[in-house]
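Student: Structure below; questions to follow.
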Amino acid sequence: MKRYLFLLCASTVAWSVFGAANWPQFRGPEASAVAVDGEPPVHFSPASNVLWKVALPPGNSSPVIWGDRVFLTAFDKPKLQATCLDRRDGKTLWSQTLTAERIEPTHRTATPAAPTAVTDGQWVYFYCGSFGLVAYDFEGREQWRRPFPPPNLDFGTGASPILIGDLLILNRDQDLGSELLAVDKRTGKTVWRTDRSEFRRGFATPFVWRHDGIEELVVPGSLWLKSYDLKDGSERWTVSGTSRVPCSSPAVGDGLLFSASWNIGGDEDDRVVMPPFEEFAREHDGNKDGNLKADEMPAGPVRERFPQMDLNKDGVVTAAEWQMMREMFAKTGNALLAIRPGGRGDITATHVAWKVTRGLPYVASPLYHRGRVYTIKNGGLVSCYDAKTGKVFYQDERLDAPGDYYASIVAAGDKVFLSSLNGVVTVLQAGDDLKVLARNRFGESISATPAIVEGKLYLRTASQLFGFGVTTSQAVQP
């Protein structure tokens with residue numbers, strides 16, 4: 001244990017090398033989603049400012065970059081792949097097949113290759129829910145593997161692994177059997193495990209919050225946002241009133257942590273109310289067996305969540321399972337929260353600095369950049385707040401780029417980049433007023449968060465990975 005404490009204390013120094021020429025994990029250096037070394041072009045497209053492009057099998061994982069190497073996963077049906085490309089030209093350096101006994105089901109917009117890899121500059125770590133964890137060196141030689149059974153949910157895995165010191169952290173929230181794991185990055189063996197069985201499905205990547213000389217692990221969950229001690233996984237604090245299904249990861253800035261969550265049924269003017277099981281069953285339990293099947297429920301938001309209620313996936317919802325979902329709908333909340341550090345226990349009433357309940361993202365993580373917090377709501381509605389006070393600079397402003405937004409917001413210099421599932425990357429001028437600089441159209445979906453390194457932007461679409469930078473034939477688009 002002393003070894004891990006030393007490594008955790010040294011990790012802030014170690015992370016300083018995660019800067020220039022590196023985008024080592026989901027949302028880049030320290031998961032800030034902010035480039036540290038140069039700005040990419042404002043205008044780019046399949047025909048403009050392309051340094052290279054390469055065809056890829058489907059995948060939702062974002063590109064991870066260290067030096068001249070790009071790492072990502074793909075699903076070349078029926079095979080999962082872990083792949084390394086040359087950042088200079090996009091050519092494949094190596095690709096390994098991740099053989100799974102069973103491929104997990106996924107949401108219609110997702111693939112089994114959704115979690116983003118993470119690297120420390122020596123090894124690279126991949127996670128797929130259908131397969132488990134695996135570590136490779138930079139030449140593609142396997143160092144260890146840690147199989148896991150596919151998660152107990154119908155939307156597929158979303159959370160990515162992260163590194164902190166010598167620990168590889170993995171959140172495995174699911175409909176039954178949720179857990180938070182810390183494994184030794186050199187062996188894959190468990191260092192500690194925290195039971196999260198009170199949580200249902202979740203897709204948010206954990207976040208390390210560094211402040212006041214400490215590091216704590218913040219993990220969004222259904223109904224609660226929680227912090228854990230990195231040395232043993234014990235709980236530090238909790239905030240209640242978050243959504244039923246967390247999808248976005250936190251951000252930090254100006255001494256605060258920002259966490260956004262939204263899901264159906266959590267807004268006060270659109271709350272889903274479920275009656276007691278006995279009352280509902282009297283009318284709808286057709287075969288009178290004391291359980292409910294999907295076809296015994298009328299169409300609507302409750303029936304649509306049948307797979308979430310059916311925790312053990314046996315095709316029926318029991319009274320206990322019904323009651324769990326009923327309580328979740330009653331307690332759920334949708335909000336962007338700004339949280340002060342230093343709390344212990346339930347800090348909902350003591351450490352929430354400010355709160356916003358409009359303009360909330362569903363999947364895309366919020367961005368802190370230069371004193372402001374940015375969010376993007378499905379439909380292409382962007383908001384910007386003063387990070388210290390929550391003052392609204394603008395809220396629910398239309399980008400004229402409609403559709404869902406699953407990729408997280410990223411920034412470089414004074415530019416902010418927002419990518420839609422409809423395949424449009426909108427570039428904003430960072431500031432108190434909304435100023436759209438470009439709408440770059442790709443004609444196919446974008447769900448992976450872009451990476452920005454040394455003034456170049458790496459963007460994954462449904463079928464290709466692009467490298468963009470300023471070229472001599474730069475084309476300016478309206």
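The values are calculated or read from the model by the stated rules, or taken from the named source; none is laboratory data. None of the values given here were measured: they were computed from a predicted structure. Positions of Cβ are backbone-derived with ideal geometry, glycine not excepted, and every protein chain shown enters the neighbour counts. For accessibility, only protein heavy atoms count, side chains too; no ligands or nucleic acids. Shrake-Rupley method; radii C 1.70, N 1.55, O 1.52, S 1.80 Å.
Student: Looking at (1) open to solvent by less than 50 Å² (accessible area, probe 1.4 Å); (2) farther than 26 Å from Thr109 by Cβ; (3) touching a residue at least 40 places away in the same chain (Cβ under 8 Å), which is the one condition that is false for Arg340?
Tutor: (1)
Student: Suppose the filter is open to solvent by less than 40 Å² (accessible area, probe 1.4 Å), in a helix (DSSP H, G or I) and closer than 30 Å to Lys355 by Cβ; does Met274 pass it?
Tutor: Working: open to solvent by less than 40 Å² (accessible area, probe 1.4 Å): yes; in a helix (DSSP H, G or I): no; closer than 30 Å to Lys355 by Cβ: yes.
Answer is no for this residue.
Student: Inside the range 179-201, can you point out the residues that are closer than 27 Å to Gly342 by Cβ and open to solvent by less than 10 Å² (accessible area, probe 1.4 Å)?
Tutor: Correct list: Leu180, Leu181, Ala182, Arg196, Phe199.
Student: I've got another one for you. Within the group Thr73, Thr97, Thr83, which residue is assigned to a strand (DSSP E or B), surrounded by fewer than 19 Cβ atoms within 10 Å (Cβ to Cβ) and hydroxyl-bearing (Ser, Thr, Tyr)? Can you show your working first?
Tutor: Numbers: Thr73 fails: surrounded by fewer than 19 Cβ atoms within 10 Å (Cβ to Cβ); Thr83 fails: surrounded by fewer than 19 Cβ atoms within 10 Å (Cβ to Cβ).
Just one listed residue meets the conditions, Thr97.
Student: Could you say which residue among Gly156, Gly140 is part of a loop (DSSP other than H, G, I, E, B) and either closer than 23 Å to Leu230 by Cβ or more than 19 Å from the chain's Cα centre (by Cα) (or both)?
Tutor: Values: Gly156 fails: either closer than 23 Å to Leu230 by Cβ or more than 19 Å from the chain's Cα centre (by Cα) (or both).
That would be Gly140, the only listed residue that is part of a loop (DSSP other than H, G, I, E, B) and either closer than 23 Å to Leu230 by Cβ or more than 19 Å from the chain's Cα centre (by Cα) (or both).
Student: Taking the range 100-126, which residues are surrounded by fewer than 18 Cβ atoms within 10 Å (Cβ to Cβ) and farther than 12 Å from Asp137 by Cα?
Tutor: The first filter runs over the range 100-126 and keeps only residues surrounded by fewer than 18 Cβ atoms within 10 Å (Cβ to Cβ), leaving 101-102, 105, 107-109, 121-122.
Hits for the range 100-126 are Glu101, Arg102, Pro105, His107, Arg108, Thr109.
Student: If you don't mind, there's one more thing I want to ask. Quick check on the range 142-156. Is at least one of its residues small (Gly, Ala, Ser) and in contact with a strand residue (DSSP E or B) (Cβ under 7 Å, 6 or more places away or on another chain)?
Tutor: no
Student: Filter the range 133-152 down to the residues that are closer than 22 Å to Cys247 by Cβ and open to solvent by less than 30 Å² (accessible area, probe 1.4 Å), then identify the one that is modelled with the lowest pLDDT. Even if it seems obvious, please write down each step before you answer.
Tutor: Filtering the range 133-152 down to residues closer than 22 Å to Cys247 by Cβ leaves 133, 148, 150-152.
Add one more test, that the residue is open to solvent by less than 30 Å² (accessible area, probe 1.4 Å), and what stays is 133, 148, 151.
Details: Leu133: 98, Phe148: 94, Pro151: 89.
Applying the filter and picking the extreme gives Pro151.
Student: Hey, another quick one. Return the residues of the range 107-133 that are hydroxyl-bearing (Ser, Thr, Tyr), more than 15 Å from Arg172 (Cα to Cα) and under 15 Å from the mean Cα position of the chain (by Cα); say none if nothing qualifies.
Tutor: Thr109, Thr111
Student: Confirm whether Ser248 is among the polar types (S, T, N, Q), over 13 Å from Ile169 (Cβ atoms) and at pLDDT 95 or above.
Tutor: Values: among the polar types (S, T, N, Q): yes; over 13 Å from Ile169 (Cβ atoms): yes; at pLDDT 95 or above: yes.
Yes; evaluated as a whole, the condition is true for this residue.
Student: Restricting attention to the range 378-395, does a residue exist that is among the aromatic types (Phe, Trp, Tyr), at pLDDT 95 or above and either in a loop (DSSP other than H, G, I, E, B) or open to solvent by 10 Å² or more (accessible area, probe 1.4 Å) (or both)? Steps first, answer last, please.
Tutor: Step one: of the range 378-395, the residues among the aromatic types (Phe, Trp, Tyr) are 385, 393-394.
Filter once more, so that each one left must be at pLDDT 95 or above: 385, 393-394.
Adding the requirement that they be either in a loop (DSSP other than H, G, I, E, B) or open to solvent by 10 Å² or more (accessible area, probe 1.4 Å) (or both) leaves 393-394.
Yes - at least one qualifying residue is present in the range 378-395.
Student: Moving to a separate point now. I need a count of the residues in the range 206-219 that are open to solvent by 10 Å² or more (accessible area, probe 1.4 Å) and out of contact with any helix residue (DSSP H, G or I) (no Cβ under 7 Å at 6 or more places or on another chain).
Tutor: Pass one, the range 206-219, residues open to solvent by 10 Å² or more (accessible area, probe 1.4 Å): 208, 210-215.
Checking the rest, the ones that are also out of contact with any helix residue (DSSP H, G or I) (no Cβ under 7 Å at 6 or more places or on another chain) come to 208, 211-214.
Matching residues across the range 206-219 total 5.
Student: List, please: which pairs have Cβ atoms under 9 Å, are six or more places apart or on different chains, and start with a residue in the range 137-152 that is under 11 Å from Val124 (Cβ atoms) and end with one that is basic (Lys, Arg) and surrounded by 13 or more Cβ atoms within 10 Å (Cβ to Cβ)?
Tutor: Hits for this filter: Phe138/Arg69; Gln143/Arg186.
Student: Also: Based on what the data block shows, is Phe155 modelled with pLDDT of 95 or more and open to solvent by 10 Å² or more (accessible area, probe 1.4 Å)? Full working, then the answer.
Tutor: Details: modelled with pLDDT of 95 or more: no; open to solvent by 10 Å² or more (accessible area, probe 1.4 Å): yes.
No.
Student: Right, something else. So Ala438 ticks every box in (1) at pLDDT 95 or above; (2) in contact with a Gly (Cβ under 9 Å, 6 or more places away or on another chain); (3) over 19 Å from Lys377 (Cβ atoms) but one. Which box is left unticked?
Tutor: Unmet for Ala438, out of (1) at pLDDT 95 or above; (2) in contact with a Gly (Cβ under 9 Å, 6 or more places away or on another chain); (3) over 19 Å from Lys377 (Cβ atoms): (2).
Student: Sticking with this structure for a sec: Just checking, how many residues over the range 398-417 are more than 20 Å from Glu30 (Cα to Cα), crowded, with 16+ Cβ neighbours inside 10 Å and not hydroxyl-bearing (Ser, Thr, Tyr)?
Tutor: 4
Student: Name the single residue, out of those in the range 277-287 being touching a residue at least 24 places away in the same chain (Cβ under 8 Å) and surrounded by 13 or more Cβ atoms within 10 Å (Cβ to Cβ), that is nearest to Glu216 (Cα to Cα).
Tutor: If we filter the range 277-287 for residues that are touching a residue at least 24 places away in the same chain (Cβ under 8 Å), which is where we start, we get 277-278, 280-281.
Subsequent filtering for residues that are surrounded by 13 or more Cβ atoms within 10 Å (Cβ to Cβ) retains 277, 280-281.
Details: Phe277: 40, Phe280: 43, Ala281: 45 Å.
Restricting to residues being touching a residue at least 24 places away in the same chain (Cβ under 8 Å) and surrounded by 13 or more Cβ atoms within 10 Å (Cβ to Cβ), the top hit is Phe277.
Student: Those residues that are open to solvent by less than 30 Å² (accessible area, probe 1.4 Å), in contact with a Ser or Thr (Cβ under 9 Å, 6 or more places away or on another chain) and either among the acidic types (Asp, Glu) or on the phi < 0 side of the Ramachandran plot (or both), I need them from the range 19-53; list them, please.
Tutor: Asn22, Trp23, Pro24, Gln25, Pro41, Ser48
Student: For Ile214, state whether it is closer than 20 Å to Pro29 by Cα and among the β-branched types (Val, Ile, Thr). Break it down into steps so the answer makes sense when it comes.
Tutor: Numbers: closer than 20 Å to Pro29 by Cα: yes; among the β-branched types (Val, Ile, Thr): yes.
Spelling it out, Ile214 is indeed closer than 20 Å to Pro29 by Cα and among the β-branched types (Val, Ile, Thr).
Student: Given the options Ser240, Ser259, name the one that is under 18 Å from the mean Cα position of the chain (by Cα) and either closer than 21 Å to Thr375 by Cα or open to solvent by less than 40 Å² (accessible area, probe 1.4 Å) (or both).
Tutor: Testing whether each residue is under 18 Å from the mean Cα position of the chain (by Cα) and either closer than 21 Å to Thr375 by Cα or open to solvent by less than 40 Å² (accessible area, probe 1.4 Å) (or both) leaves just Ser259.
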